[in-house]
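Shown next, in structure tokens, is the structure this report addresses.
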Amino acid sequence: MEKLDLIFKNGKIVTESGVENCDLGISDGQISAIGDLSDNAEVIEDATDLLILPGGVDAHVHIDQPSGPDVEMADNFQSATMSAAAGGNTTVLPFAMQEKGQSLRECVENYHKKAKDNLYIDTSFHLIISDPSPQVLGQELPALARDGYTSFKVFMTYDDLVLNDEELLKVFEVAKKEKTLVMVHAEGYDAIRYLTKKLEEEGKVAPYFHGISRPQIVEREATHRAISHAQIVDIPIVIVHVSGNEALSQIKWAKEKGIRVFSETCPQYICLTEDDMKGLNMDFEGAKYVCSPPPRDLESQKAIWEGIIDGTFDIFSSDHCPFKFKDKKGKDRPGARTSFKWVPNGIPGVETRLPILFSEGVSKKRISLERFVELTSTNPAKMYGLHPQKGSIKIGSDADLTIWDPNKIDTIRQSDLHHGSDYTPFEGIEVRGWPIQTWLRGQKIYEKNKFLKQNNLGQYISRGFSSL
């Protein structure tokens, strides 16, 4: 055998299909040998008592995205991908968000400019369709799909993003023609507006009432409607960030009927509850936990775990959507104190996604190591056209690896994290099992809280079609 660039010795390799004690060889940034290897390599890494996993693929993150007047997202591509790498990820998929009236092609070009030379790890863009004009549907979206932008997201809520039912169906028709995958934010817009107005009239404006304004019912209704539209057009869809049993029941119903519906959940739905939004005493501290859909109750946490365990959920993403609790002048976020309606919807989480699921899932014996890899790496890569280049430990795959110490115990603290936010909603959670090294295409980029490479090693990856 020719001399390898790198060999991992004495580790335990974990894939979606099994666990194996063997060596792993790397050449030219790719996995080139698996088995009992000699020490014929430039570099030998001893992985005794450690796990070797495919690098995490976080398929749902928001980076440097327009967020409305007086609101600035806390992460640019440099800070977000740095944070992702520290959390064991080697690929992230953020969104190029079209603003109303904007050319979709122009939107994509703007995001490439933001990302250029600012990537610690690899990235690829989903598209967000907010203005499905005849030009977008007839020309831009098909052309971009053929250029490797093979997934896009639509919203059923938010003033600047919501699509009506006819628009959703038209977008779905393009997806069918181009064989692209549609992600759906499923919450009922009119019901949320009605409930928000009612709560404000009653003087119920604290962050806690964000959750009351978007109960599980509006998520359930929108999920069922999205599935029905997908049935009419006959396409697969992904229901993203599922928060509780009401929406999950619709997904289970659809899957039992043989309807092709994929589903995703996130750390906030297994770690946080609606009570977190009460803050210390129904105060503004609760804004640190505001996201959409919001955290639910303990029964919902139980339902989400059941979906993770029984295979209903296909992927586990962070929905990293970072804002700052204080603005640049050290004051509260603009306007947010006047009503929950003005609190930016989103929390940081790209760095803590993998440790939280590992600790709560693998370490507590709820799920296997193989299921962990499937949810966090292999299935996201398959779903969004990156497999087998990403998401697996196979001959010819990119040598994107995360080395785990399954017995390392530590506590999540804002002071240790690398994102641009000034807080973490997961502060104080004790975690057992941490990623201690991150390797991108055979190069060690992170080890024990130190970055070993410059921030421009990451590349933009053009994608194929879903293989899930």
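The values are calculated or read from the model by the stated rules, or taken from the named source; none is laboratory data. Since this is a predicted model, take the numbers as computed values, not measurements. Cβ: placed from backbone, ideal geometry, glycine included. Neighbour counts: every protein chain shown. Remember, those area values only see protein heavy atoms, side chains included, never the ligands or the DNA or RNA. Shrake-Rupley method; radii C 1.70, N 1.55, O 1.52, S 1.80 Å.
Angle check, please: helix 189-201 long axis (alpha carbons) against the longest principal axis of the chain (alpha carbons), in degrees 0 to 90, nearest 10. Roughly 60 degrees, rounded to the nearest 10. Ordered from highest to lowest accessible area with the whole protein assembly present and a 1.4 Å probe, 112, 126 read as 112, 126. Across the range 208-234, the residues whose backbone nitrogen lies under 15 Å from the label position 7 Å along the beta-carbon direction of residue 259 are 219-234.
Can you pick out the pairs among 390/448; 100/170; 100/153; 302/390; 365/394 whose Cα atoms lie more than 19 Å from each other? Flagged as over cut-off: 390/448; 302/390; 365/394. How far is the Cα center of the range 282-302 from the Cα center of the range 110-135, in Å? When both Cα centres are located, 29 Å separates them.
Inter-part distance, the range 217-264 to the range 28-101, computed on C-alpha centroids, equals 28 Å. Among the chymotrypsin sites (Phe, Trp or Tyr not before Pro) found in the range 418-468, not one is both in a DSSP coil and sparsely packed, with 13 or fewer other Cβ atoms within 10 Å of its Cβ.
Around the Cα centre of the range 346-468, unit charges on the Cβ atoms of Lys, Arg, Asp and Glu (plus for the first two, minus for the last two) sum to a dipole of about 380 debye.
Using every pair of separate Cα atoms, the Kirkwood estimate puts the hydrodynamic radius of the range 1-122 at 17.2 angstrom. Give me the net charge for the shell around residue 50: Cβ to Cβ below 15 angstrom, other residues only, Lys and Arg +1, Asp and Glu -1. Around residue 50, the surrounding residues sum to -1. For residue 305, the solvent-accessible surface with a 1.4 Å probe is about 20 Å², rounded to the nearest 10.
Sparse packing (at most 15 other Cβ atoms within 10 Å of the Cβ) combined with a DSSP loop state is found for the following chymotrypsin sites (Phe, Trp or Tyr not before Pro) in the range 129-207: 158.
Within the same chain, lysines fewer than 8 places from residue 198 are excluded, and of the rest, those with a Cα less than 16 Å from its Cα are 341. Labels on offer are (i) 42; (ii) 38; (iii) 14, and the one holding percent of Cα pairs over 41 Å apart computed from this structure is (iii).
For the range 144-235, the list of GluC sites (Glu not before Pro) that fall in a loop by DSSP and count at most 11 other C-beta atoms within 10 angstrom reads 202.
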